[in-house]
Amino acid sequence: MTDRRIPLVIDTDPGVDDTLAILLINAHRDKYDIRAINPVHGNVHYGDTSTNAVRLAEYLNIDCRIGKGAVKPVIRAARTAGTVHGSGGLGGYDLPETDRQFDEKYAWDVLYEEAVKAGGELELVTLGPVTNVAIAFLAHPDLKNYIKKIYSMAGTAGKGNTNAFAEFNVYVDPEAFQILVSSGVPVYMCGLDGNASCGLSSEEILSLFHEESRVTDLTGTIASFIEDRNVRKWGMKINTIHDHVTMACYIYPEIAEFRPMHCSVELAEADAEGQTKVCEPDEDHPANIWYLVKADKQRYMEITREMMEFYKLG
Ligand code: BDR
Ligand code: CA
């Protein structure tokens, strides 16, 4: 029987919110054929993001390739956000160990091979710095012809979360993100400000992810970690789970409002290093991305409840 599911590669730096995003897409296995989960340096060092990726794939029984990813950005030194994601990157949670092996190929070749194999139908979701993807575009100039669309948790048109202007994933590897937006593939960019429309109160995040299921140990630990960090340590009132919101917008584009915009990345200016300069397109600045303006929070919460429901059954 022909597999009519959408072929998908996920590029990720798990990471607490990456983990919730992968739990979400895995709950839609009937629609998506996850061909690869490619780890990259980012939230924590590559040793931890790659271990988390392979353990998570095994824990969720996802039969896919795990390419060997980049340990640092294309040009710059690695920068992590360990305190943002806790020890090991999963808010202190230890996924069961596994002897599952990484693919013998690098992530950029895995992406290319899967894209060619899917004959132009492959979709890509990026949840971390896009080093692997940038290398893939550089190593395989025809890759752009084989990727249908990219959803990327990246950037901001408002305030940053690293310096005043930059979002973490772009800040860590700005050259790589510039390559991605210049690739010619349709890019749906879910930035900090658009994702924030699905920000959750403490009560909401804790009740949603502590709902009883076979993954509640993991989701509950992560939700409590995020809430404690945001509210008690950082004095915020709202918890936006960026990678999870991005994945929800990818799976359910009808909940999201995107606008065609022009985006370029600030590569130099120290105070604004990594800023995504998002503006209305004009003759000199043609639209090169779809920018997330907002998403429907009520639907996002329902989608999250359905995700937990999936893990009650399966
Ligand atoms: C992004 O940076 C990481 O800390 C998160 O996993 C998310 O991908 C938010 O800026
Ligand atoms: Ca991430």
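Nothing in this text is a laboratory measurement; each read-out follows from the coordinates by a stated rule. All of these numbers come straight from a predicted model, not from anything done at the bench. Positions of Cβ are generated from backbone atoms using ideal geometry, with glycine treated the same way; all protein chains shown enter the neighbour counts.
Apply 1/(1 + (r/R0)^6) to the Cβ-Cβ distance of Glu269 and Asp63, taking R0 = 45 Å, and write down the FRET efficiency to the nearest 0.05.
Computed FRET efficiency for Glu269 and Asp63: 0.50.
Starting with the fewest neighbours, write out Ser182, Ser152 ranked by other beta-carbon atoms found within 10 Å of each beta-carbon.
By the 10 Å Cβ count, ascending: Ser182, Ser152.
When every alpha-carbon pair in the chain is counted, what percent end up more than 39 Å apart?
It works out to 5 percent of all Cα pairs.
From the phi angles alone, apply the Karplus equation (6.51, -1.76, 1.60; θ = phi - 60°) to segment 42-50 and give each ³J(HN,Hα) in whole Hz, x where the residue is Gly or Pro.
Coupling constants for segment 42-50: x, 3, 10, 5, 3, x, 7, 4, 6 Hz.
Which residue, Ile75, His140, Leu23, has the largest displacement toward the positive end of the dipole of segment 18-145 when charges sit on each Cβ (Lys, Arg +1; Asp, Glu -1)?
Positive-end residue among those listed: Ile75.
List the lysines whose alpha-carbon lies under 22 Å from that of Lys144, not counting same-chain residues fewer than 8 positions away?
Counting by Cα, and skipping residues close in sequence, Lys144 has these lysines nearby: Lys68, Lys105, Lys117.
Run the quick spin-label model on Lys117 and Met1: label points 7 Å from Cα toward the beta carbon, then report their separation in nm to one decimal.
If labels sit at Lys117 and Met1, their model points lie 2.1 nm apart.
To the nearest 0.05, what FRET efficiency results for Gln101 and Ser201 with a Förster distance of 35 Å applied to their C-beta separation?
0.25
Starting from the Cα of Lys237, draw a straight line to each of the aspartates and glutamates and keep only those under 12 Å, dropping any in the same chain fewer than 8 residues away.
Excluding near neighbours in sequence, the set is Glu203, Glu204, Glu227, Asp228.
At 222 nm, what value in deg cm²/dmol follows for the chain if DSSP H runs of at least 4 each add -39500 (n - 2.57) and the sum is divided by all its residues, to the nearest 500?
-10500 deg cm²/dmol
With label points built 7 Å along Cα→Cβ from the Cα atoms of Lys31 and Lys237, find their separation and express it in nm.
3.3 nm
Can you list residues from other chains, or at least 5 along the same chain, whose modelled amide H is less than 5 Å from the amide H of Lys149?
Placed amide hydrogens put Leu124 under 5 Å from Lys149.
Taking the Cα centre of segment 6-313 as origin, work out the dipole magnitude from +1 charges on Lys and Arg Cβ and -1 charges on Asp and Glu Cβ, in debye rounded to 20.
160 debye
Count the net charge of all other residues whose Cβ sits under 14 Å from the Cβ of Ile226, scoring Lys and Arg as +1 and Asp and Glu as -1.
Net charge around Ile226: -3.
Efficiency by 1/(1 + (r/R0)^6): what FRET value for Lys159 and Arg259, r their Cβ-Cβ distance, R0 = 30 Å, to the nearest 0.05?
After rounding, the FRET efficiency stands at 0.95.
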